[in-house]
1. Please compute the contact order of the chain in relative form: average sequence separation of alpha-carbon pairs under 8 Å and at least six residues apart, divided by the residue count, as a percent.
2. At what distance in nm do the modelled label points of His70 and Ala248 sit from each other, each positioned 7 Å from its Cα along Cα→Cβ?
3. Relative contact order for segment 293-351: what is it in percent, counting Cα pairs under 8 Å that are at least 6 residues apart?
4. Give, as a single signed number, the net charge of other residues whose beta carbon lies under 11 Å from the beta carbon of Glu152, with Lys and Arg counted +1 and Asp and Glu -1.
5. Tabulate in residue order the Karplus-calculated ³J(HN,Hα) for segment 37-51, using 6.51 cos²θ - 1.76 cosθ + 1.60 with θ = phi - 60°, rounded to whole Hz; enter x for Gly and Pro.
6. Pop the C-beta distance of Thr119 and Thr312 into the FRET formula with R0 = 51 Å and round what comes out to the nearest 0.05.
7. Taking a ≥ b ≥ c as the square roots of the eigenvalues of the Cα gyration tensor of segment 111-241, is the shape rounded (a/c under 1.5), prolate (a/b larger than b/c) or oblate?
8. Need one word for segment 187-327: rounded, prolate or oblate. Basis is the Cα gyration tensor (sqrt eigenvalues a ≥ b ≥ c); a/c below 1.5 gives rounded, then a/b vs b/c decides.
Amino acid sequence: MKTPGRFFAFAAASLLAAANAGTAAAGDGALDDAFLDREIKRTQPDFVVYRPFAADGHDDHGNEHFHVFHVRNALCALWTQSAYEGTFTQRPVFSRSFDGGKTWSAPKCILRDPIDPKTGRNMGSWAAAAVSKSGRIYVLYAKHLGDGTDHETGKMHVLCSDDLGETWSPEAPFAQPHDPRYDLDTPAKPVSLFPWQNAYRLSDGSVLMALSHNYKNPAANPEPRKHWPEAPGACEFMRFDNVDADPAPADLKATYFARNEKGLHAPLFTDPSRPSGEEPAVVELPDGRLMCVFRACEGHVWYSVSADKGETWRPCEMLRYRDGGAGVEHPYSPSPMFRTAENEYVLFTHNSTGRCGGPRPRT
């Protein structure tokens, strides 16, 4: 979708897989730069922030969880890069453009500590930004502890930059609430709670960040999952208390809302009694209410509305094209939503339940 003066940022994490498929069909077994270039241009993007190497041996083939945002006179891009998702190479990288997105600096990893390739210790994933009024950029991400947990799990950490990402502060742990009913059994272990989109500044000046909370305690998921989307979870929120005071990362504070059973979720397709919800996208409506859509494993977009700036939310329901009408079909995949003007919004969907003739919604 091309809209003058507005940016929609999308990451292509599987371009290398497409290149592999193309060269395999050709029978030569080698990755093809020309094929990769054609794949990048398939959707006619206005701008390309980063093109991964086509050859094997590089750890830049996975590029996802992609954010582009304005700070002062620059466009900033932040995303999680890796060899491919699930490997102990995941790290947040940052790039800048000073010409409106035409050219971008080479992405630089913002982590200081080296990643242990055997355990994943110090790996950083699912980074997202919150920007203060002065232009200080805070980046929050899940830092893996090398403790045997999966690549999705990490302890939230934060660092900041005052020079548009040229240099970064030392990182600091970011306080997260722990609930033994839903999280790993001791507070010392990481809570699987992390952002999907950048923080959202509301019209009253407050800064809200929506979060995915994956329930890692087996007691919250007593039945073994048969397919990875069946993992339970919900969408929660935090409001930064002091971000505009430009505190040091260790002093950044937030208040959490819609925790655990109060989080936003939809019924799991295999068991409606179990919650499923993650990767929430939030916009402010013209009347000041908030609307949140999120990734559900049910076959449609699900949503909720808050009248108190995200502290409480009404019961979630399927998004429909009109009252009592057909639901907006969507597989188990993110559904990005943005406010593009005062009374204009855009929602991206797949127009399919994702079942593909079978009983299970797919990604």
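The values are calculated or read from the model by the stated rules, or taken from the named source; none is laboratory data. Not measured: the values here are computed from a predicted model. For neighbour counting, all protein chains shown are included, and Cβ atoms are generated from backbone atoms with ideal geometry for every residue, glycine included. Side chains are part of the model used for accessible areas, which takes the heavy atoms of the whole protein and leaves out ligands, DNA and RNA. Shrake-Rupley method; radii C 1.70, N 1.55, O 1.52, S 1.80 Å.
1. Reported relative contact order: 8 percent.
2. 3.3 nm
3. 32 percent
4. Overall, the nearby charge balance is -2.
5. 5, 5, 4, 4, 8, 4, 8, 6, x, 5, 9, 10, 7, 8, 10
6. 0.80
7. Verdict is oblate for segment 111-241.
8. The shape class here is oblate.
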